[in-house]
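Colleague: Quick one: the structure is below, questions incoming.
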Amino acid sequence: MNNTSAFNLKYRPDIDGLRALAVLSVVFHHAFKSYFSGGFVGVDIFFVLSGYLITSIIYKEFTTNTFSLFVFWIRRARRIFPAAFVVMLVSTLAFSFIYPPSLFKDLGQSIVAQSFFVSNILFFYESGYFDTSASVKPLLHTWSLSVEEQFYFFFPLLFWAIYRYFRRSLSYFIFIICLLSLVLSVWGSSAYPDAAFYLLPTRVWELGAGSGLAIFHFNNPVISINKMQNNLLGIFGFFCNLMVYFLY
């Protein structure tokens, strides 16, 4: 059996469960911060899962010569745009009943930025001492979606270049990129915390970690592990997540 046939991209309820857990942790963090002090880490976990799923799709299509950049971007747009536009519409309607007209300019900027998936860059430039309070930015949460979309735009191009010219060293390139991004993130967290939080270069290592897992899974589709070991590892990972959400 070759890697392509063994690497099955069927629906993964376990990954969907992890994504739901990650999203809920962020919601609970904002609603009950004193109890879910580390719930914000759900964003980071979501990035890793996104990197894994997207790379799984891209890698399989590359190995079967079925990858189309245009089709890939269209699929991403069909999956993300409808929900994003509904959120923007509902947020705008709710905003108009709650906040004064003087704040509509900022809302309009957020809508335009999110429409082009650069809201993370907008919020980065707005961050600072004179920044409008986060409570009057109904689309502030879209920064993470913009980071993902930027990754979806650039990563396939980078993957194509590495896969075409350095196929045998693909894993090493991904590792080096992740390492550089991690170093930049650690340094930026102290020197430029707003940039480290909002911008793609300091988040690439999280998405790249998922990519590395996908590549490893592709090249090692069958790993000798029994059902009990698999369940124990799953339970261990689940409780590691919970510990982070409550204790970080």
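Colleague: What angle, in degrees between 0 and 90 and rounded to the nearest 10, separates the Cα long axis of helix 170-191 from the longest principal axis of the Cα atoms of the chain?
Modeller: Here the helix axis deviates by roughly 30 degrees.
Colleague: Roughly how much of His141 is accessible, in Å² to the nearest 10, using a 1.4 Å probe?
Modeller: Rounded to the nearest 10, that gives 100 Å².
Colleague: Using the Karplus curve 6.51 cos²θ - 1.76 cosθ + 1.60 with θ = phi - 60°, work out ³J(HN,Hα) for each residue of region 102-114 in order, rounded to whole Hz, and write x for Gly and Pro.
Modeller: Calculated HN-Hα couplings, in order: 4, 9, 5, 4, 5, 5, x, 5, 5, 5, 5, 5, 5 Hz.
Colleague: Please report, to one decimal in angstroms, the Kirkwood hydrodynamic radius of region 147-197 built from all distinct Cα-Cα pairs.
Modeller: Final number for the Kirkwood radius of region 147-197 is 12.3 Å.
Colleague: Same structure again: Write down, largest first, the equivalent ellipsoid semi-axes of the chain in whole Å, where each equals the square root of 5 times an eigenvalue of the alpha-carbon gyration tensor.
Modeller: 33, 22, 18
Colleague: Let me ask something else about it. Where a Cα-Cα gap under 18 Å defines reach, which aspartates and glutamates qualify for Lys137, not counting those fewer than 8 residues away within the same chain?
Modeller: The qualifying aspartates and glutamates are Asp106, Glu126, Asp194.
Colleague: Against the globular-protein guess of 2.2 N^0.38 Å, express the Cα radius of gyration of region 175-219 as a ratio, rounded to two decimals.
Modeller: Against the compact-globule rule of thumb, the ratio is 1.24.
Colleague: Read phi for every residue in region 35-45 and hand back ³J(HN,Hα) as whole Hz from Karplus 6.51 cos²θ - 1.76 cosθ + 1.60, θ = phi - 60°, with x for Gly and Pro.
Modeller: For region 35-45, the Karplus curve yields 9, 10, 5, x, x, 5, 5, x, 4, 5, 5 Hz.
Colleague: Please report the equivalent ellipsoid semi-axes of region 1-93, computed as sqrt(5 x eigenvalue) of the Cα gyration tensor, largest first, in whole Å.
Modeller: 31, 20, 9
Colleague: For region 179-248, what ratio Rg/Rh do Cα atoms give with a Kirkwood hydrodynamic radius?
Modeller: Reported Rg/Rh (Cα atoms, Kirkwood Rh): 1.11.
Colleague: Okay, moving on. Between Phe153 and Ser34, what is the label-point separation in nm under the 7 Å Cα-to-beta-carbon projection?
Modeller: For Ser34 paired with Phe153, the spin-label model returns 4.2 nm.
Colleague: Continuing with the same structure: Looking at region 80-200, what % of the alpha carbon pairs are farther apart than 19 Å?
Modeller: Summing the P(r) tail past 19 Å for region 80-200 gives 58 percent.
Colleague: Would you kindly calculate the mean projected area, averaged across all directions, of the convex hull enclosing the Cα atoms of region 67-115, in square nanometres?
Modeller: 3.6
Colleague: Then there is this: Can you give the extra length, in nm with one decimal, that the chain gains between Val71 and Ile176 once fully stretched, where that is 0.36 nm per residue apart less the Cα-Cα distance?
Modeller: Between Val71 and Ile176, full extension yields 35.0 nm more.
Colleague: In a GNM of the chain with a 10 Å cut-off on Cα contacts, which of Tyr163, Tyr59, Tyr192 has the highest mean-square fluctuation?
Modeller: Tyr192
Colleague: Got a sec to turn the phi values of region 204-213 into Karplus ³J(HN,Hα) couplings, 6.51 cos²θ - 1.76 cosθ + 1.60 with θ = phi - 60°, whole Hz, x for Gly and Pro?
Modeller: 4, 5, 6, 5, x, 4, x, 4, x, 5
Colleague: Just to confirm my numbers, what's the Cα centroid distance between region 202-243 and region 58-137 in Å?
Modeller: Between the Cα centres of region 202-243 and region 58-137 lies a distance of 29 Å.
Colleague: Ignoring ligands, DNA and RNA, how do Lys60, Lys10 rank by accessible area with a 1.4 Å probe, largest first?
Modeller: Greatest to least solvent exposure: Lys10, Lys60.
The values are calculated or read from the model by the stated rules, or taken from the named source; none is laboratory data. Everything numeric here is computed off the predicted structure, so don't read it as measured data. All Cβ positions, glycine included, derive from the backbone under ideal geometry; neighbour counts span all protein chains shown. Just the protein is used for accessible areas: all its heavy atoms, side chains included, with ligands, DNA and RNA removed. Shrake-Rupley method; radii C 1.70, N 1.55, O 1.52, S 1.80 Å.
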